[in-house]
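As structure tokens, the structure follows; a few thoughts come after it.
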Amino acid sequence: MKKKLDAKSKIKKSAIKLFNENDSLSITTNHIAKEAGISPGNLYYHYKNKEEIILDIYMELSSNFVGLNSFEKMLLNENFFEAMDDMFNQYAKLFYEYRFLLRDAAVLIAFDPKLKEVFAKNQEIRIKQIEGLLNYLISEGILKNLSRTSLNKRAKLHWFITAYWQTFTSTTQEVNLESFHEAKEVFFEFMIYPNLTEKGKELLRQIN
């Protein structure tokens with residue numbers, strides 16, 4: 001059993017490397033097997049096709065994201081924005097490790113209905129969590145009041161910047177750590193600051 005787990009880890013690690021460094025659509029299972037130093041037959045023992053590998057990698061990313069406990073940490077910190085700034089830095093490191101998934105998300109989910117289903121469910125969860133955070137900020141007098149409709153749209157836009165900024169970036173340059181930090185700057189400058197109350201602005205000044 002241990003040998004199988006080690007082989008799967010090697011396959012995923014090799015696949016992530018190749019997908020990150022190349023156009024993910026151009027990489028085949030033969031390329032992955034060669035990078036992993038195993039035969040194509042050995043790879044197919046663990047995964048039926050490339051789509052299964054990508055789905056497993058996506059599930060790994062999702063598990064690591066949940067493991068950050070970011071929403072809980074932001075709610076428990078005395079200065080919400082201090083925790084948010086730290087979380088965005090952690091997001092950048094995590095997402096950069098799996099950057100092909102953010103860069104090629106639209107294409108990958110178009111080719112794999114299973115990945116699309118899982119991605120859509122996770123996206124719905126994240127948007128609801130963001131709505132919860134916005135409600136919290138409003139209740140604490142940190143964020144200006146928003147209508148229910150505006151709150152939902154803003155939560156979707158928050159998620160859009162977090163999840164799809166790298167797709168936009170990849171049209172003109174390589175996705176890198178700087179592009180993830182740029183997404184954080186856009187988020188704070190255009191999505192957070194203009195909607196802060198005086199109390200919120202003071203909290204934000206404390207971390208700058």
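Nothing charged except the Cβ atoms of Lys and Arg (+1) and of Asp and Glu (-1): what's the magnitude of the dipole of the stretch 110-207 about its Cα centre? Round to the nearest 20 debye.
Numbers: 14 positive and 12 negative charges, 98 e Å.
Around 460 debye, computed over the stretch 110-207.
Using the charge dipole of the stretch 1-135 (Lys, Arg: +1 at Cβ; Asp, Glu: -1 at Cβ; taken about the Cα centre), state which of VAL118, ILE54, GLN90 has its Cα farthest towards the positive end.
Going by the Cα projections, it comes out as ILE54.
Heavy atoms only, 1.4 Å probe, whole protein assembly: order HIS46, HIS158 by accessible area, highest first. The partial results should precede the final answer.
Working: HIS46 30, HIS158 5 Å².
My answer, sorted largest first, is HIS46, HIS158.
Of LYS73/LYS121; LYS50/LYS73; LYS156/LYS199, which ones are farther than 31 Å apart at the Cα? Don't skip to the answer; put the middle values down first.
Numbers: LYS73/LYS121 23 Å; LYS50/LYS73 36 Å; LYS156/LYS199 25 Å.
In this structure, LYS50/LYS73 exceed 31 Å between Cα atoms.
Are there any helices in the chain, counted as whole DSSP H runs, that stretch 27 Å or more along their axis by Cα and score at least -0.5 on average by Kyte-Doolittle, and if so which? Walk me through the numbers before you get to the answer.
On the way: long enough: 2-21 (29 Å, -1.01); 113-139 (39 Å, -0.25); 148-169 (31 Å, -0.56).
Those that clear 27 Å and a mean of -0.5 are 113-139.
Shape call for the stretch 116-155 from the C-alpha gyration tensor, a ≥ b ≥ c root eigenvalues: rounded (a/c under 1.5), prolate (a/b greater than b/c) or oblate? Could you put the intermediate results ahead of the total?
Values: a/c = 4.72, a/b = 2.36, b/c = 2.00.
Here the stretch 116-155 falls in the prolate category.
To two decimal places, what compactness ratio does the chain give when its Cα radius of gyration is scaled by 2.2 N^0.38 Å? Intermediate values should be presented prior to the final figure.
On the way: Rg = 19.3 Å, N = 208, 2.2 N^0.38 = 16.7 Å.
Relative to the 2.2 N^0.38 Å estimate, the chain comes out at 1.15.
Residues with beta-carbon under 12 Å from that of ASN49, excluding ASN49: net charge, scoring Lys, Arg +1 and Asp, Glu -1?
Details: positive: LYS48, LYS50, LYS114; negative: GLU51, GLU52, ASP56, ASP112.
Here the charged neighbours net out to -1.
The values are calculated or read from the model by the stated rules, or taken from the named source; none is laboratory data. Computed from a predicted model, the values in this text were never measured in an experiment. Cβ atoms come from the backbone with ideal geometry, glycine included; neighbour counts cover every protein chain shown. Note: areas computed on protein heavy atoms with side chains; ligands, DNA, RNA excluded. Shrake-Rupley method; radii C 1.70, N 1.55, O 1.52, S 1.80 Å.
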